[in-house]
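Structure first, commentary second.
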Amino acid sequence: MELKDYQADVLNDLNTYLQTLLECKGHLNKTFGTYWQNKGVLNQVYKYNVQAVPHVCVKVPTAGGKTFIAVNALERIFTAFAEYNPSRPKFVVWLVPSLTILDQTVKSLADIDHPYRQRLNELFNGRVQIYQKADVLQGAGFNADTVLEQLSVVVMSFDSLKATNKENRKAYQENGYLASFLNAPIVDDVLLPEYDQSALINVIRTLNPVVVVDESHNAESSLSVDMLRNLNPSFIFDLTATPRDN
C-alpha cells in the first residue's frame, strides 16, 4: 500500500517539524514559530496543552486514511528521537474514542495480512507487537525486555484510563505481572506517587510513550488533558477531521 500524495505531503511536513524541533533543541515555542516562519506565516504562538510535550494535530477528512498516516508517522517520530536517545523504547499508546473504533484499529494493526500491519513490519523490521489493555495488564508478551526489542503499540479507549469502575481501576493498582519493570532506572518525579510502581499507569509513565489520539476532538476536556498528562508522553500525535481551536 503506497502513500497518496496528500498523505506524503503531511508526513513531509511532520519531518520538517521534527527536524526543526531537533535544531531548536526541543524548545517548543521556538520550534513552532520557526516552522511557520519558514512557511511565510509569522507570529505563531505554540499552545501548551501538555507542558514540555511536542503536540501535533493532523487534520484528516473522513475516509482519508488517518490510521495509515499515523502508522507511517511513528517511524519518523522514533527516528527523530533516536538522534539523542537511540536506546529509548519504541512504545506507543494509541487512544480511540469507542470500543467499535478500538476493535477496528486492533484488527487492522494486528492482522499480518493487512496493509497497515505490513507497513509497520516494513518500517520496524518485523519487530512489532500490538496489545490491548487486558494484554499488558496480564503481562502477556509484555515485559521490560520485549519493549526494548520491538515496536510495542497498546490500543486503548479513552474511557479505559478513567478510573470510573472496577475494571478501569486495574490500571492504577499494584500488578505483579509487571514486576519486570521494577528494575528499570526511574527518573525523579516520573512516577505518580499515589500509585504503586508496578501499576500499569506508572509502567506507562516510565516508558515515556508516543501517544496517538484518534478522533482527538473528543479529547479536549480538562479531564482528557489530565489523562494525557498522566501518561507522561514524549510526543502527542492527534488525528481528527474536525480540529478544535485548541
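The values are calculated or read from the model by the stated rules, or taken from the named source; none is laboratory data. For clarity, every value in this text was computed on a predicted model and none was experimentally measured. We place every Cβ from the backbone using ideal geometry, glycine too, and count neighbours over all the protein chains shown. To get the accessible areas, we keep the full protein, side chains included, count just its heavy atoms, and leave off ligands, DNA and RNA. Shrake-Rupley method; radii C 1.70, N 1.55, O 1.52, S 1.80 Å.
Against the definition (exposed (fewer than 14 other Cβ atoms within 10 Å of the Cβ) and assigned to a helix (DSSP H, G or I)), how does residue 194 come out, yes or no? So residue 194 fails the test. Any residue in segment 85-95 that is open to solvent by less than 50 Å² (accessible area, probe 1.4 Å), in a helix (DSSP H, G or I) and in contact (Cβ under 8 Å) with a residue 12 or more places away in the chain? The answer is no, given that none of the residues of segment 85-95 is open to solvent by less than 50 Å² (accessible area, probe 1.4 Å), in a helix (DSSP H, G or I) and in contact (Cβ under 8 Å) with a residue 12 or more places away in the chain. Inspect segment 68-81 for any residue being more than 23 Å from residue 146 (Cα to Cα) and touching a residue at least 24 places away in the same chain (Cβ under 8 Å) and give the result as yes or no. Within segment 68-81, one or more residues are more than 23 Å from residue 146 (Cα to Cα) and touching a residue at least 24 places away in the same chain (Cβ under 8 Å).
When the residues of segment 198-223 are filtered to those that are part of a loop (DSSP other than H, G, I, E, B) and touching a Phe, Trp or Tyr at 6+ places or on another chain (Cβ under 8 Å), the one that is surrounded by the most Cβ atoms within 10 Å (Cβ to Cβ) is 209.
State which residue pairs qualify: first residue part of a loop (DSSP other than H, G, I, E, B) and inside segment 122-147, second residue surrounded by fewer than 16 Cβ atoms within 10 Å (Cβ to Cβ) and among the polar types (S, T, N, Q) in any location, beta carbons under 7 Å apart, and separation of 6 or more residues or different chains. Partner pairs satisfying both residue conditions: 144/183.
Taken together, the residues in segment 180-214 that are of a type outside the set (A, V, I, L, M, F, W, C) and out of contact with any Leu (no Cβ under 7 Å at 6 or more places or on another chain) amount to 11. Scanning segment 37-65 for residues that are open to solvent by less than 50 Å² (accessible area, probe 1.4 Å) and either under 16 Å from the mean Cα position of the chain (by Cα) or closer than 19 Å to residue 220 by Cα (or both) yields 46, 49, 50, 53, 54, 55, 56, 58, 60. Residue 138 falls short on exactly one of the conditions (1) within 17 Å of the chain's Cα centre (by Cα); (2) modelled with pLDDT of 95 or more; (3) not aliphatic (A, V, I, L, M), and that condition is (1).
Checking each residue in segment 153-191 for being within 29 Å of residue 72 (Cα to Cα) and in a helix (DSSP H, G or I) picks out 158, 159, 160, 161, 171, 181.
Take the residues in segment 23-36 that are over 18 Å from residue 210 (Cβ atoms) and surrounded by fewer than 13 Cβ atoms within 10 Å (Cβ to Cβ), then tell me which one is modelled with the lowest pLDDT. For segment 23-36, the residue satisfying everything is 25. Within segment 141-178, being among the hydrophobic types (A, V, I, L, M, F, W, C) and open to solvent by 50 Å² or more (accessible area, probe 1.4 Å) holds for 148, 163.
Restricting attention to segment 1-20, the residues that are open to solvent by 20 Å² or more (accessible area, probe 1.4 Å) and farther than 15 Å from residue 238 by Cα total 12.
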